[in-house]
Amino acid sequence: MSGADGCLVMCSSFPCATPENGTRDTSPTIVLDHGDPTMYESYWQKMGNKCNITFNGNDSLSYFANGKSLCWFLESKLEEQIKRLHKIVGNAIVDNNYIVVGTGSSQLVQAALYALSPSDQLEPISVVSASPFYSAYPDMTDFVRSGLHKWAGDANLFEKDGPYIELITSPNNPDGIIREPVVNGEQGKLIYDLAYYWPQYTSITSPANHDVMLFTISKCTGHAGSRIGWALVKDKEVAGKMTKFMEISTIGVSKEAQLRAGKILEVVSDSCLDFTLENFFEYSRSLMTDRWQRLRQVVTDNDIFFIQNYPRQYCLFTKDVCESHPAFAWLICKGGEEEDCEKLLKEHKIQTRSGRRFGTDSRKVRISMLSRDEDFNIFLKRLMTIKGCINKK
Ligand SMILES: Cc1ncc(COP(=O)(O)O)c(C=O)c1O
């Protein structure tokens, strides 16, 4: 990698990834580009058969669920366990909210955009989020070119005169920061994406209480493959429109997935109350704490990257003062503006996602902290080797 004056010059050649015994490292690239939450497998392995459920051939044939919810396909077991878990963790107000279930919170982002977009306007409503924003938002907004809404980029640069929808991700993906709305215009509608507002990532400082809040089992328990997310919505009309969106796109959400998710959430809640079970959040928080400490050590030692510190805050759930341990590390290359951190790490067989995808620059990358132990350990080893390749001009 070329370096301008005063920049770090980094060796991108293969020897950087050569193990100590001198043999060429032919092992595959470690993929830390996605937030695939396989880290949680170890907990669920320990839980053995506690989450098992069975389905008979005559179960779940109907499109309709057994509950009385406005969201007519929401299984009552899932609804009950969502409410129970939020009450135990204290991260969101659930009473007097409608619950809408979705195929992952990805589908709910789209449903919420549909529901909050005016249908009587000639122009699509602008959708914004403060940079660095979750890299999927631009596509979620524009992919089908609905004409109802259009991606308008960084909320910090948005002229607040007209109507708009702001997506607020808190803690934020990619950088783990706790966020508030930034536009604060009179005609704004807000969607709070709270995928990471769980105690293993951050302190629970108060129960969230917003008009539209999105959660997902993917980042809460690690069951991304079940594809279950839920929205807590105050306004009946908005919840009704979101339900309609789901009805038109998929005629509801898989009952098997909902019932499995209900069971998983039940076991998580039980683990918080029953001292004979290993508390899910304590277990995952200690894994995250350990990973973050080790990552920070490597970053300090090699001195070519920077990761920010997070404020320590009192957590109402754990009842102690904790630092955040975000699901992603937001790594910043200390070199000059032309540095391409994604490329550098790729040369060392670490696949990450460039800051450019999050509306910022290539000096930054997002790295998943949620991989299996084995991959995380290889990642740290490879990151350490970059140190030996640095020359300061
Ligand atoms: C901020 C945020 N919102 C939503 C999602 C979508 O989650 P899922 O569709 O798995 O529920 C993700 C996944 O990475 C995310 O990071």
Fill in: Out of 97, 66, sole residue that is open to solvent by less than 60 Å² (accessible area, probe 1.4 Å) and farther than 30 Å from residue 34 by Cα
97
Worksheet item: Of all the strands (runs of 3 or more DSSP E) wholly in the range 253-363, which have at least 3 residues that are within 16 Å of the ligand (Cβ to nearest atom)?
Response: 328-333
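Every residue, every condition in (1) of a type in the set (Ser, Thr, Tyr); (2) in the same structural domain as residue 35 (by TED's automatic domain parsing); (3) open to solvent by less than 10 Å² (accessible area, probe 1.4 Å); (4) over 15 Å from residue 174 (Cβ atoms), yes or no:
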| residue | (1), (2), (3), (4) |
| --- | --- |
| 330 | no, yes, no, no |
| 333 | no, yes, yes, no |
| 337 | no, yes, no, yes |
| 342 | no, yes, no, no |
| 364 | no, yes, no, no |
Practice prompt. For residue 323, indicate whether it is surrounded by fewer than 18 Cβ atoms within 10 Å (Cβ to Cβ) and in contact with a Phe, Trp or Tyr (Cβ under 8 Å, 6 or more places away or on another chain).
Written response: yes
Practice prompt. Pairs only if they're at least six apart or on different chains, beta carbon under 8 angstrom, first in the range 29-50 and over 23 Å from residue 351 (Cα atoms) and open to solvent by 10 Å² or more (accessible area, probe 1.4 Å), second of a type outside the set (S, T, N, Q) and within 16 Å of the ligand (Cβ to nearest atom); list them, first residue then second.
Written response: 44/222
Item to complete: Select, from 229, 240, 225, the only residue that is of a type outside the set (Val, Ile, Thr), within 10 Å of the ligand (Cβ to nearest atom) and in contact with a Leu (Cβ under 9 Å, 6 or more places away or on another chain).
Response: 229
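Given 370, 316, which one is touching a Pro at 6+ places or on another chain (Cβ under 9 Å) and open to solvent by 40 Å² or more (accessible area, probe 1.4 Å)? Even if it seems obvious, please write down each step before you answer.
Working: 370 fails: open to solvent by 40 Å² or more (accessible area, probe 1.4 Å).
Going through 370, 316 in turn, just one is touching a Pro at 6+ places or on another chain (Cβ under 9 Å) and open to solvent by 40 Å² or more (accessible area, probe 1.4 Å): 316.
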Discussion item. Suppose we keep only residues that are in contact (Cβ under 8 Å) with a residue 12 or more places away in the chain and open to solvent by 50 Å² or more (accessible area, probe 1.4 Å) within the range 84-94. Which one would you say is nearest to residue 187 (Cα to Cα)?
Written reply: 93
Worksheet entry | Answer residue from the range 100-121, given it is within 14 Å of residue 195 (Cβ to Cβ) and aliphatic (A, V, I, L, M) and is surrounded by the most Cβ atoms within 10 Å (Cβ to Cβ) among those | 112
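Quick test for you: out of 274, 301, pick the one residue that is without any contact (Cβ under 8 Å) to a residue 24 or more places away in the chain and out of contact with any strand residue (DSSP E or B) (no Cβ under 8 Å at 6 or more places or on another chain). It would help to see each step written out before you state the result.
Details: 301 fails: without any contact (Cβ under 8 Å) to a residue 24 or more places away in the chain.
Going through 274, 301 in turn, just one is without any contact (Cβ under 8 Å) to a residue 24 or more places away in the chain and out of contact with any strand residue (DSSP E or B) (no Cβ under 8 Å at 6 or more places or on another chain): 274.
Can you give me the ranges of the strands (runs of 3 or more DSSP E) entirely in the range 163-249 with at least 2 residues that are of a type in the set (Ser, Thr, Tyr) and surrounded by fewer than 20 Cβ atoms within 10 Å (Cβ to Cβ)? Steps first, please.
On the way: elements: 164-169, 188-193, 212-216, 228-233.
Passing ranges: none, list empty.
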Worksheet item: How many residues, within the range 198-221, are within 12 Å of the ligand (Cβ to nearest atom) and in contact with a Ser or Thr (Cβ under 7 Å, 6 or more places away or on another chain)?
Response: 5
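Of the residues in the range 176-197, how many are of a type in the set (A, V, I, L, M), over 24 Å from residue 309 (Cβ atoms) and within 16 Å of the ligand (Cβ to nearest atom)?
The first filter runs over the range 176-197 and keeps only residues of a type in the set (A, V, I, L, M), leaving 177-178, 182-183, 190-191, 194-195.
Subsequent filtering for residues that are over 24 Å from residue 309 (Cβ atoms) retains 183, 190-191.
Those left that are additionally within 16 Å of the ligand (Cβ to nearest atom): 190-191.
Adding up the residues that qualify gives 2.
State whether one or more residues within the range 160-172 are within 15 Å of the chain's Cα centre (by Cα) and on the phi > 0 side of the Ramachandran plot.
Taking the range 160-172 and keeping what is within 15 Å of the chain's Cα centre (by Cα), we get 167-172.
With the extra rule that they be on the phi > 0 side of the Ramachandran plot, the set shrinks to none.
No; the residues of the range 160-172 include none that is within 15 Å of the chain's Cα centre (by Cα) and on the phi > 0 side of the Ramachandran plot.
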Worksheet entry | In the range 101-143, the residues that are of a type outside the set (Gly, Ala, Ser), within 13 Å of the ligand (Cβ to nearest atom) and within 17 Å of residue 248 (Cβ to Cβ) | 101, 103, 107, 108, 109, 110, 113, 140
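The values are calculated or read from the model by the stated rules, or taken from the named source; none is laboratory data. Model, not experiment: these values are computed from the prediction. Neighbour counts are summed over all protein chains in view; Cβ atoms, including those assigned to glycine, are modelled from backbone coordinates with ideal geometry. Areas reflect the complete protein model, heavy atoms only, side chains present, ligands, DNA and RNA absent. Shrake-Rupley method; radii C 1.70, N 1.55, O 1.52, S 1.80 Å.
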